[in-house]
1. Check Pro59 against each of (1) of a type outside the set (S, T, N, Q); (2) out of contact with any helix residue (DSSP H, G or I) (no Cβ under 8 Å at 6 or more places or on another chain); (3) more than 11 Å from the ligand (Cβ to nearest atom) and name the one condition it does not meet.
2. If Ala108 meets every condition in (1) under 29 Å from Asp191 (Cβ atoms); (2) within 12 Å of the ligand (Cβ to nearest atom) apart from one, which number is that one?
3. Please determine whether any residue of region 93-103 is away from the ligand (no atom under 15 Å from the Cβ), open to solvent by 60 Å² or more (accessible area, probe 1.4 Å), over 17 Å from the mean Cα position of the chain (by Cα) and modelled with pLDDT of 95 or more.
4. Looking at (1) within 11 Å of the ligand (Cβ to nearest atom); (2) within 15 Å of the chain's Cα centre (by Cα); (3) assigned to a loop (DSSP other than H, G, I, E, B), which is the one condition that is false for Pro37?
5. Any residue in region 34-45 that is within 10 Å of Met123 (Cα to Cα) sitting within a Cβ distance under 7 Å of a residue that is assigned to a loop (DSSP other than H, G, I, E, B) and of a type in the set (S, T, N, Q)? List the pairs, counting only those 6 or more apart or interchain.
6. Filter region 156-207 for residues that are among the basic types (Lys, Arg) and under 26 Å from Lys132 (Cβ atoms) and give the result.
7. For Ala73, indicate whether it is assigned to a loop (DSSP other than H, G, I, E, B), touching a residue at least 12 places away in the same chain (Cβ under 8 Å), more than 12 Å from the ligand (Cβ to nearest atom) and under 16 Å from Ala17 (Cβ atoms).
8. For region 40-56, enumerate the residues that are more than 11 Å from the ligand (Cβ to nearest atom) and buried (at least 17 other Cβ atoms within 10 Å of the Cβ).
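The values are calculated or read from the model by the stated rules, or taken from the named source; none is laboratory data. The structure displayed is predicted, hence computed values, not measured ones. Every residue, glycine among them, receives a Cβ derived from its backbone with ideal geometry; neighbour counts consider all protein chains shown. With ligands, DNA and RNA removed, areas are computed over all heavy atoms of the protein, side chains included. Shrake-Rupley method; radii C 1.70, N 1.55, O 1.52, S 1.80 Å.
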Amino acid sequence: MAVKNYQATISEVEKAAHATYRVRFALPEGETIEFQPGQFMTIKVSDSARRSYSIASAPENNTYLETFADTVAGGPGSQFFAHAEVGGKAEFLAPLGRFVYRSTDRPAYFFATGTGLTPFLSMVRFALDTEKTTRKLHLLFGLRHEGDIFAEDILKAYAEKYSNFSYEICLSRPDAGWTGFTGRVTARIPDIAETDIDLYICGSQKMINDVESAFLAKGVPEAQIYYEQFY
Ligand SMILES: Cc1cc2nc3c(=O)[nH]c(=O)nc-3n(C[C@H](O)[C@H](O)[C@H](O)COP(=O)(O)OP(=O)(O)OC[C@H]3O[C@@H](n4cnc5c(N)ncnc54)[C@H](O)[C@@H]3O)c2cc1C
């Protein structure tokens, strides 16, 4: 899979949560891209800055790349996405990274905080729709408030269609009335008894460290733990 610079056109922009945008980058007519689920692109977000964004779309859809971008940090990457408009131009280098889905028969657990969910959307789409895996896939998605939740429509549709896929949204600071799980994703770790699993972790450094060390202590082999740090 050759890494290449692409000149794309923004073909879809959706405000997916209070500070998160789903943006689709369409490749020029006739061009396609090959990538592995979990990989990312580095987008030229200003004249002097590039930022990395994971690919949420499935490799099967090879005429565009889609991502979910959090704009809370407020830097040039956030500015780029907060002002993204359909028809706008974008330059990116892709595909990059080694945080990719591994096809095995072991149960797979995915731990995401915030837009750390992004690469997992590509992995889940690939594993279920393309590979038609029957392995168990369970995803824990951590956010602060209900207004931060994005892509739940996608997760819900997969959970309804495939009995081997399940997910749970964990809110650390929900408003009154939230009936789902209250707490960080790490609070769910004691409930997971299996140790011969593949573990994928994506998001903040602290969450990655906490999840990885908890599963290493349980006896999950280090070689079966994969992570990507966003910040
Ligand atoms: C491989 C890789 C893939 C990535 N994929 C995605 C993705 O799919 N979606 C996405 O939204 N981001 C993703 N990121 C993070 C992204 O590249 C930017 O770091 C982020 O969008 C902030 O960029 P910025 O220019 O707005 O802020 P910067 O000027 O780069 O950062 C300002 C400060 O905010 C901190 N910060 C960065 N992100 C956050 C955050 N979410 N919450 C709180 N503090 C933060 C930084 O550590 C820094 O101190 C990825 C990062 C990497 C390394």
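1. Result: Pro59 fails condition (2) only.
2. It is condition (2) that Ala108 fails.
3. The answer is yes; a qualifying residue exists.
4. Every condition holds for Pro37 apart from (1).
5. Cβ pairs passing all conditions: none.
6. Of the residues in region 156-207, the ones among the basic types (Lys, Arg) are 156, 161, 173, 184, 188, 206.
Lys156, Lys161 - these are the residues of region 156-207 that are among the basic types (Lys, Arg) and under 26 Å from Lys132 (Cβ atoms).
7. Values: assigned to a loop (DSSP other than H, G, I, E, B): yes; touching a residue at least 12 places away in the same chain (Cβ under 8 Å): yes; more than 12 Å from the ligand (Cβ to nearest atom): no; under 16 Å from Ala17 (Cβ atoms): yes.
No; evaluated as a whole, the condition is false for this residue.
8. As a first pass, look at region 40-56 and keep what is more than 11 Å from the ligand (Cβ to nearest atom): 44, 47-48.
Once the filter is applied, which keeps residues that are more than 11 Å from the ligand (Cβ to nearest atom) and buried (at least 17 other Cβ atoms within 10 Å of the Cβ), region 40-56 yields only Lys44.
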